[in-house]
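Each remark here refers to the structure printed beneath this line.
No lab work stands behind these numbers, since they all come straight from the coordinates. Since this is a predicted model, take the numbers as computed values, not measurements. Reconstructed Cβ throughout: ideal geometry from the backbone, glycine too, with neighbour counts over all protein chains shown.
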């Protein structure tokens, strides 16, 4: 990705602060919208610090796959190594409760997909690089923004230069704990979970066959997501014996998880998870990051809107974070392209807040409740969560609702989440 900035005009319809997954997805979705758009990304894409190209995986819901299909990029993402999730086994360690969610119950070929973040980032950036409609500055950052009646005044630090631009709408997509969100007057609520997620890729001696696992332990959930090794790998081949692991644990336990040698870590993982996925071996280097909940009750104001983690950062227990951000994208694209509301107006801001409120609150509440119930070793709570899993397994309406939430199909559909392009 190279800088592309027109020198004869610095007024834009939309400036997107943040060229990560959500910001780049929005830019791709608006390529044909007839708008003048500038994307500003602070971290060079060849940097080790760039999260768009790191080694993490993301669990993409079925509705998010529809968004990428509508953008015309799903085939390239899939070719890069998208592993379908055919079913999810949910269990509680030391208890009788368990349930299984299957794509057959949903009538689809999968519940979602496990994809390396770098594959999605690569496809989005290549798409933007080939577009003449989108201007791009990287590395650069929006250092100041002032809202005026008719536009937003923006200062951009780019190397030794300070560039000035105006925009009808400033989209803040620069991640959680956004400085810009504070500067623009958003009320940001932050709750630290006192937990961290430990990540690695782990090998097993049994093919995963597209099955994901969510195992609830006393100190937090342990997720194993079926993972393809290598670009274009075929399910059931040599790549079919790896999982992407996300192990949520108390902050006091993180150092121990990271500092164990491989053999010690595998032994601990096996003792916590059991043998239903086979025998584990060959963990990749482990990484961790702290977990917190970030919520902005009104994620849009006049001339600005918050997108993705800047508006809501949720616990990874249900793998909903990026998917929630993509539904933000779908909603904003609808308002920009089809609503007839003035771009950046207070009316557009109110409508965005109204349309996104139910979905955002549902996902935030769902993930927060899960972590409160399933990270609790008190005996009555443990019994209740076991009973709850049994009830879900034997009460089809509850299972169908959980499947819809898992697939991202609970929210009011937009064209993009239904797989329909917006022009």
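Here are the numbers for the structure shown:
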read-out	value
Listed residues 16, 85, 31, most fluctuating in the chain (Gaussian network, C-alpha, under 10 Å)	31
Computed lengthening from residue 271 to residue 105, 0.36 nm per intervening residue step minus Cα-Cα distance	56.6 nm
For the chain: relative contact order, % (alpha-carbon pairs under 8 angstrom, 6 or more apart)	22
Spacing of the two label points (7 Å from each Cα toward its C-beta) at residue 177 and residue 358, in nm	3.4
Principal axes of the chain: Cα extent on each, largest first, Å	64, 41, 38
Inter-probe distance in nm under a simple model that places probes 7 Å from Cα toward Cβ, at residue 75 and residue 400	3.5
Tilt relative to the chain, helix 346-374 - C-alpha long axis, 0 to 90 degrees, to 10	20
Mean separation of Cα contacts under 8 Å, 6 or more apart, over the residue count of the stretch 256-332: relative contact order %	21
Spin-label model distance (nm) - residue 418 vs residue 206, 7 Å beyond Cα toward Cβ	4.1
Burial ordering of 193, 62, fewest other beta-carbon atoms within 10 Å first	193, 62
Helix axis angle, 117-129 relative to the chain longest principal axis, alpha carbon, degrees	20
Helix-only [θ]222 nm of the chain, DSSP H runs n ≥ 4, -39500 (n - 2.57) each, per residue, nearest 500	-10500 deg cm²/dmol
Using alpha-carbon coordinates, inclination of helix 262-273 to the longest axis of the chain, degrees	80
Listed peptides 170-183, 153-166 by packing density, highest first (mean Cβ within 10 Å)	170-183, 153-166
Contour excess over end-to-end distance, with Cα ends at residue 161 and residue 229 and 0.36 nm allotted per residue	20.2 nm
